[in-house]
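Worksheet: the structure to be examined is printed underneath.
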Ligand code: SAH
């Protein structure tokens with residue numbers, strides 16, 4: 001898989017892909033992540049990519065031209081399965097959206113900034129809009145990193161234990177059961193006996209029951225139709 005990210009603040013995206021699982025995924029050749037500086041596509045001598053909003057009001061708007069120039073330049077080299085815009089009014093990022101995106105070959109993610117991007121970009125060039133939650137961030141960079149992380153860890157071979165993503169929350173409509181590691185007793189608080197028993201069937205049963213109980217208590221909506 002290849003993920004291209006367009007941003008006016010490329011430095012914000014240096015951290016998330018340079019460590020741990022996301023870095024290993026790139027080193028193993030399972031995913032390529034390329035960050036593109038929108039300013040490189042500005043024809044303005046000051047490399048401006050934003051301008052005042054028509055109609056007035058506070059906040060700048062990312063201009064249509066540099067964005068479209070950048071998208072088109074990237075499209076010359078490959079076809080994108082999705083051109084995603086990160087937006088608080090987009091479709092919420094869920095595990096099922098992440099699953100859907102994880103089987104694509106080329107994804108392009110556009111990060112907004114300031115008041116957002118010129119609406120004509122959204123109308124004519126974007127194939128999917130994704131929100132990471134009902135709150136407003138200063139820019140789409142952190143959202144793009146969240147989307148990329150959720151997607152990349154689902155690519156076969158990225159997680160060392162291949163079944164691991166399948167036992168995470170939401171994959172089966174349930175949240176994950178509690179997990180413990182050594183010591184078996186900490187300040188009088190004990191790890192549930194069954195986990196120390198070595199009895200695989202009982203452990204599996206306990207984990208499933210815990211998942212169901214937790215889902216009922218914490219996220220009952222998951223057991224309904226959503
Ligand atoms: N004026 C816009 C918010 C702009 S925030 C509005 O009220 O909807 C600046 C940029 O941050 C947005 O263009 C978007 O790309 C990104 N962003 C902010 N919140 C986000 C969220 N919850 N999910 C995904 N992207 C978000």
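DSSP beta bridges confined to the chain are antiparallel in about 20 percent of cases.
In whole angstrom, note down how far apart the Cα centers of the range 19-88 and the range 92-106 are. Cα centres, the range 19-88 to the range 92-106: 19 Å. What is the distance in Å between the Cα centres of the range 162-226 and the range 111-125? Taking the Cα centre of the range 111-125 as reference, the centre of the range 162-226 is 42 Å away.
From most to least packed by mean Cβ count within 10 Å, the peptides 60-73, 20-33 give 60-73, 20-33. The value given for the chain is a Kirkwood hydrodynamic radius of 20.0 Å, derived from the mean inverse Cα-Cα separation.
Modelled this way, with points 7 Å down the Cα-to-C-beta line, the labels at residue 218 and residue 99 are 1.9 nm from one another.
Decide, for the range 46-138, between rounded, prolate and oblate: order the square roots of the alpha carbon gyration tensor eigenvalues as a ≥ b ≥ c, take rounded if a/c falls under 1.5, and otherwise choose prolate if a/b is larger than b/c, else oblate. Note, shape of the range 46-138 comes out oblate. In terms of surrounding Cβ atoms within a 10 Å radius of their Cβ, 8, 111 rank from fewest to most as 8, 111.
Counting neighbouring Cβ atoms within 10 Å and putting the fewest first, the residues 41, 114, 135 line up as 135, 114, 41.
This ranking places 127, 181, 86, 167 by how few other beta-carbon atoms lie within 10 Å of each, fewest first, which gives 181, 127, 167, 86.
Read-outs: derived from the displayed coordinates by stated rules, not from any lab. Small disclaimer: the values here were computed from a predicted structure and weren't measured. In this analysis, Cβ positions are derived from the backbone assuming ideal geometry, glycine residues included, and neighbour counts consider all displayed protein chains.
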